[in-house]
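Values quoted throughout were computed directly from the atomic coordinates according to the rules given, and no laboratory measurement underlies them. Please read these numbers as outputs of a predicted model, since none were measured by experiment. Backbone-built Cβ (ideal geometry, glycine too); neighbour counts: all protein chains shown.
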Amino acid sequence: MNRTENQPPRRVLIASGNPLFGKGLHRLIAQRWGQADVEIRLVVNTAEALALLEEWRPDLVIIDYDDVHVDRAEFLNVFVTGEQPMQVMLVSLQASGGVVVYDRRTLTPAQAGDWLNLPRPPQPEITPTRRERSSPMRHFVIAGILVAVVAVITYLLLVTIGILPEQASAEAVPIDRLFEMHFVAVSFLFALITVLMVYSLIVFRRKRGDESDGRHIKGSTRLEIFWTIIPLVTVLYFSYIGSVILADTQKNDPQALVIEVVGGQWYWTYTYPDFNFTTNELYLPVDRTALLKLRSMDVIHSFWVPEFRVKQDVLPGENFVRELEITPTRLGDFQVLCAELCGLQHAYMVSPVHVVTQADFDSWVDEQMSLAQADPATRGQIIAQNAGCLSCHSVDGTERVGPTWLGLYESEQVLQSGETVEVEEGYLFTAIVDPNMHIPQGFPPNVMPQNYGEMLTNEQIFDIIEYIESLR
Ligand code: CUA
């Protein structure tokens, strides 16, 4: 193609017992390079080819890959040991056959383009850097040290930033131990993945001027078995420890204090069957196991005090009473959170938990029991106090956000509709459970919470009404 006048013609030796093979190639090459620029000889077996190889010194040898008369192994043997620059192509005419090219010379890209338009010019040689020449062991050692360092730092971060809330129950101890093990595992995995990735990105990045393709790696069965078995064993091991610890938190202590817990949209109530009363706040004596028997009034809720770690879904239906054991080990006030999306107020379905000494618990129980036996108006006063009614309704005639309760009962109320009503029990009950039903004149709607009907039992509401009556 771009050959100059003074260059000798290229010598091409074609070895094939099949005359069509030789003739076809002859025509093709002559067309490509021009009849004058190429000298072609055809031979029909290996012996002839080897003889010509010595004597004639061709530039290119094309061998019929499929021909039994041409022993390509013998031929390539001579090709490999020879010194004369030369190129050998093994050409297969089978349907699936390809072309194999052996090259014993260094070509410039321009020369390469000349030779039958080879698919790709040889790459300029890249001087290996010091890093590439160093043994792979060195990379493993450096990366290994980095993985260890990053793993330790990650672990220390995880344990010092305080991911876990205060540990306030005996059940929390084994659970936190499991967390610790997970912290170790995730720190190591995080370091292993990120360090190897970042190390490879930096150390094995493309060198300036290197346009070559990366090495083609087909896979490694040994590596794949290794990285399947290790995680499998790890996960199985963790599930084993997990189940052991779960069993550990369910000891079925016969001495446990039984408390019946009811969750509903959106409140928690606690009944102490031993003492026969119900409250809205959970009191637990410290260092004594409490057995909670939980059920739901409506949808699925989940009883969870993060400081106690253990958590139990609360299911609707009489037959779905779930049990949860908690042994509080720390005095203080905590909060029950609902850990299952249960509707609009789910996020606010919190309720206080008090862990108190046995003595304080006993006196609280006494108070609750005497309250249960007290006259309804006194009970109503305490309930109204606890339910927060008295922060908006005074009992001394002062006007606050809501109407005062002093003299409210049997008084005449002018409603926003202009209607005048007499305050009696039915009116008060509606005003508590559905406060927007009738808003008295001078008071804005939507101020009073709409959920007292759910927070308080009917008995408690009637106790409050009794109290309001007593303020007449
Ligand atoms: Cu109850 Cu969320």
Using label points projected 7 Å from each Cα along Cα→Cβ, tell me how many nm separate D360 and D210, to one decimal. 6.8 nm
Rounded FRET efficiency, nearest 0.05, which uses the C-beta distance separating V198 from I230 and R0 of 22 Å: 0.50
Using only DSSP helix segments of four residues or longer, with each worth -39500 (n - 2.57), what per-residue ellipticity at 222 nm results for the chain after dividing by its residue count and rounding to 500? -12500 deg cm²/dmol
With the cut-off at 1.5 for a/c, could you classify the range 153-299 from its C-alpha gyration tensor as rounded, prolate or oblate? prolate
Provide M86, M437 in ascending order of the number of other Cβ atoms located within 10 Å of each residue's Cβ, fewest first. M437, M86
What shape does the chain take by its C-alpha gyration tensor, where a ≥ b ≥ c are the square roots of the eigenvalues and a/c under 1.5 counts as rounded, a/b above b/c as prolate, and the rest as oblate? prolate
Amide H to amide H, which residues 5 or more places from A339 or on other chains are under 5 Å from it, using H placed in the peptide plane? S302, F303, W304
Loop-resident sites, the range 198-301, for chymotrypsin sites (Phe, Trp or Tyr not before Pro), counting at most 16 other Cβ within 10 Å (DSSP): F204, F275
Angle check, please: helix 376-386 long axis (alpha carbons) against the longest principal axis of the chain (alpha carbons), in degrees 0 to 90, nearest 10. 30 degrees
Taking 0.36 nm per residue of separation and subtracting the Cα-Cα distance, what length does fully extending Q441 through V141 add? 99.8 nm
Quote the charge dipole size of the chain about the Cα centre in Debye, to the nearest 20; the model charges only the Cβ of Lys and Arg (+1) and of Asp and Glu (-1). 4600 debye
Between I245 and V80, the two model label points (7 Å from Cα along the beta-carbon direction) sit apart by a distance in nm of 6.0 nm
In whole Å, what is the distance between the alpha-carbon centres of the range 171-236 and the range 397-415? 71 Å
Which one, F320, P445, H26, projects farthest toward the positive side of the charge dipole computed for the chain from Cβ point charges (K/R +1, D/E -1)? H26
Lysines with Cα under 23 Å of K251, excluding same-chain neighbours fewer than 8 positions away: K293, K311
Of T430, L90, L331, whose Cα points farthest to the positive end of the dipole of the chain (charges on the beta-carbon: +1 Lys, Arg; -1 Asp, Glu; origin at the Cα centre)? L90
Size of electric dipole in the range 36-75: Cβ of Lys, Arg +1 and of Asp, Glu -1, about Cα centre, debye, nearest 20: 40 debye
If each residue of separation counts as 0.36 nm, what is the full-extension length gain between R177 and E48 once their alpha-carbon separation is subtracted? 38.3 nm
Which of rounded, prolate, oblate describes the range 1-85, given a ≥ b ≥ c as roots of the alpha-carbon gyration tensor eigenvalues and a/c under 1.5 marking rounded, otherwise prolate only if a/b is larger than b/c? oblate
Separation in nanometres of the label points that stand 7 Å from Cα toward Cβ, at A36 and V421: 11.7 nm
Hey, what did the chain get for relative contact order, percent, Cα under 8 Å, at least 6 apart? 9 percent
So, relative contact order of the range 262-308 in percent, Cα under 8 Å, 6 or more apart, is 43 percent
Could you check what % of the DSSP bridge pairs in the chain are antiparallel, to the nearest 5? 55 percent
